[in-house]
Amino acid sequence: MQLHADYLSGSSESGVVLTNDLSIVILRYGRVGLQYGGGCMMAGFPSSKYTRRDFLARLGTAAAGLAVAPRVLGQEPETARTNVLLITVDDMNFDSAGVTGCKIPGITPSIDKLAAQGMRFEHAHVTSAVCQPSRSVLMTGRYPHRNGAMGFEPIDPSVPTLQESLREAGYLNGIMAKVGHLAPQAKFCWDTVVGANDLGQGRDPALFYSHSKAFFEQAKAAGKPFFLMANSQDPHRPFPGSDGEANRKAAGLPEVSRTYKPEEVPVPGFLPDGIPDIRVELAQYFAGVHRCDEAVGQVLRALKEAGLEENTIVFFLSDNGMSFPYAKTNCYRSSTATPMIVRWPGKIKPNTVNRHDFVSGIDFMPTVLDVFGMQMLEGMDGRSFLPLLKGKRQGGRDKVFTFFTETSAKNKYPMRCVRTEKFSYIFNAWADGQTIFRNEPQSGLTFKAMQTAAEHDDAIAERVKFFLFRTKEEFYDLEADPCEMENLINAEEHKATIQKMRRELLEMMVSTKDPLLEVFKKQAG
C-alpha cells in the first residue's frame with residue numbers, strides 16, 4: 001500500500017525513515033509518501049529505525065499533515081500532475097514557419113496553430129548551434145563547457161540531468177528519435193526509447209502518431225505524469241528530393257506529402273538570390289519543413305486524443321538553424337535563433353508574443369523544475385522564465401550568450417557570441433587567416449553554387465572567402481543589418497558598444513571558467 005501527497009514545497013530535505021514494513025518517504029522537491037512494505041535508505045536522513053509501534057503512533061499525524069499540506073503551503077496540488085511534452089525539430093530556421101514570417105502558403109499549419117494557443121518568443125536562442133551540444137544544454141541547464149558536451153561527446157557523469165530529477169519525482173521519461181544525442185544514455189533515465197529507425201528515420205508523421213499514442217497510454221496506465229521528448233529529424237539533411245535522400249531511400253525514409261517549385265520559396269537574406277541551384281535546394285529544404293510540421297501535428301493529435309492536452313505543458317523549438325552556409329554550426333542569428341513556442345492551457349494566455357526578452361537553451365531545465373515547484377539544482381547557468389510565461393516582467397533578459405566548438409566531423413572552430421536586440425559581437429578563436437572552415441552545409445548544392453558564382457561575381461566571392469576564413473572578431477548592427485552581412489568591428493562609431501560587449505563576454509567567460517578565456521584575453525581587441 002502506498003499513499004502519496006505530491007507537491008509539498010518548501011522542503012529541501014531528502015530521505016526516508018524506515019521501519020520493517022512501513023515507511024514515510026520524503027523525496028527531494030517536497031514529494032512525500034507513506035509506503036508499506038520493504039524500505040530503502042535515501043541520503044539525507046539518519047539510518048536509525050523506528051519500531052513498528054513508534055511508527056504507527058506517528059502515522060495518524062503524518063497522514064493528516066499530508067492531507068492538508070498543499071493547502072497550508074499555498075500550492076496547487078494539480079500542478080504536480082502536469083506533464084511535459086517537448087517537441088523539437090532538426091535544423092529548422094527560426095523564420096521557416098508561417099507564424100514566424102515564412103510566406104509560403106500553408107507551410108506549417110500545426111506549428112502556427114500551436115503558436116495561436118500559447119506564447120511565442122521572438123528572442124529565443126539555443127546555446128550551441130549543433131545537435132548534441134544544443135540538446136545537452138537543454139537537459140542540464142549548463143553551458144557546453146560546464147556540462148562536458150562541447151561537441152559530439154557525452155556530458156560529464158557528475159552533472160545532474162533534468163530526467164534524473166523527474167524520475168526521482170515519479171515521472172515517466174520518454175524519448176523519440178535523436179536518442180544518441182543525449183549521452184550517456186544512463187544519465188537520462190529513459191523509461192521508453194523509440195529510435196529513429198522505428199520512426200521512418202525520425203521523419204514519418206504516421207509513426208510519430210502511433211508511438212506517441214502508445215506512450216501516452218502507457219503513462220495513463222501507470223498513473224504517472226510524463227516527460228516526453230519527441231524529436232522530428234526533419235528538416236535535417238538529406239532534404240527530400242536530394243541526391244542524398246535518394247541514396248538513403250532503402251533506410252525507410254518516407255515520402256513527402258508536398259513539394260515546392262524553386263520559384264515558390266524565399267531565399268534568406270544571408271544567401272545570394274538569383275542562383276538557380278540555391279533555390280532548388282531551398283525547395284527541397286521546405287518540403288522537409290512541411291513534413292516536420294506534419295509530425296508535430298500528429299504528436300499533438302495523439303496528446304489530445306489521449307485526453308491529456310489540458311494538463312500538459314508543450315514546448316516547441318528547433319535545435320539550431322538551417323543547414324546552409326552562415327547558419328548551422330556558427331554563432332549568427334540564423335545559427336542559434338529558434339522558434340520557441342510554449343502552450344500551457346489555463347496558464348498561458350493564447351496567441352501571446354514575447355517580443356523583447358531573451359531566453360536561452362540553458363533556461364529550459366530550470367523552467368521545467370520551476371513549473372513543478374521543484375528545487376533548483378546547484379550549478380545550473382540558466383534561470384527559469386516561468387514569470388514570463390505567466391505574463392510577468394523579468395529583469396536580466398536583455399542579452400544571450402552563444403557558443404560553438406566542434407562539427408559532427410570533429411573539426412574544432414571555437415566561437416563565442418554575445419547578442420542583444422540591437423547588436424551582435426562574435427569572437428572566432430580559430431580564425432587565423434589560414435585555417436579553413438568546413439561544415440556539413442558545404443556538401444550541398446548551395447555552397448557549391450556560391451563557389452561557382454564567385455568566379456564572376458566579386459560580392460559573392462567575398463562572401464565565400466569570409467565564410468571560409470572569417471576574422472577574429474565580428475560586430476553587427478542588427479537594426480540596419482539583421483542578416484549580419486556587414487562586419488563593423490572597425491567602425492569608430494560603434495567603438496564604445498564593441499568594448500562593452502567584449503567586457504560582457506569576458507565577464508561570462510570568467511564566471512563560468514570558459515576554457516577559451518585566456519585566448520580571448522590575448523586575441524580580442
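Every read-out reported here was derived from the displayed coordinates using simple, explicitly stated rules and does not represent laboratory data. Small disclaimer: the values here were computed from a predicted structure and weren't measured. FYI the Cβ positions are ideal-geometry reconstructions off the backbone, even for glycines, and counts take in every protein chain you see.
Residue by residue through region 217-229, what is 3J(HN,Hα) from phi via Karplus (6.51 cos²θ - 1.76 cosθ + 1.60, θ = phi - 60°)? Round to whole Hz and write x for glycine and proline.
5, 4, 5, 5, 5, 7, x, 10, x, 9, 10, 10, 9
Rank-order 448-454, 222-228 by packing density, defined as the average count of other C-beta atoms within 10 Å over each peptide's residues, highest first.
222-228, 448-454
Projecting each Cα onto the charge dipole of region 81-178 (Lys/Arg +1, Asp/Glu -1 at the beta carbon, about the Cα centre), which of Met119, Gly98, Met139 comes out farthest on the positive side?
About the Cα centre, the residue reaching furthest to the positive side is Met119.
Run a plain Debye calculation on region 309-403 (Cα atoms as equal point scatterers, no solvent) and give log10 I(q)/I(0) at q = 0.21 Å⁻¹, rounded to two decimals, same order as the q list.
Calculated log10 I(q)/I(0) at the listed q: -1.19.
From the backbone phi of region 425-434, what are the Karplus-calculated ³J(HN,Hα) couplings (6.51 cos²θ - 1.76 cosθ + 1.60, θ = phi - 60°) in whole Hz, Gly and Pro given as x?
So the Karplus estimates, Gly and Pro as x, are 10, 10, 10, 9, 5, 7, 6, 10, x, 10 Hz.
Say each of Lys304 and Lys495 gets a label point 7 Å from the Cα, pointing the same way as Cα to Cβ; how far apart are those two points in nm?
5.9
If you take the beta carbon distance between Ser257 and Lys103 as r and set R0 to 22 Å, what does 1/(1 + (r/R0)^6) give as a FRET efficiency, to the nearest 0.05?
Once the sixth-power term is evaluated, E becomes 0.65.
Region 445-507 to region 213-282: how many Å between their Cα centroids?
For region 445-507 versus region 213-282, the Cα centre distance is 29 Å.
Bin width 20 Å, alpha-carbon pairs only: give the P(r) of region 82-402 as whole percents, running from 0 to the bin holding the largest distance.
In whole percents, the pair-distance histogram is 34, 60, 5.
Quick one: Karplus J couplings for region 81-98, per residue in order, coefficients 6.51, -1.76, 1.60, θ = phi - 60°, nearest Hz, x for Gly and Pro?
9, 5, 9, 10, 10, 9, 9, 10, 10, 10, 6, 9, 5, 4, 10, 8, 8, x
Do the alpha carbons of any pairs in Lys495/Lys521; Lys399/Lys500; Lys422/Lys465; Lys412/Lys465; Lys103/Lys178 sit beyond 21 Å of each other, and which pairs?
Lys422/Lys465; Lys103/Lys178
With labels modelled as points extended 7 Å from the Cα through the Cβ direction, what inter-label distance (nm, one decimal) is found for Lys465 paired with Arg438?
2.2
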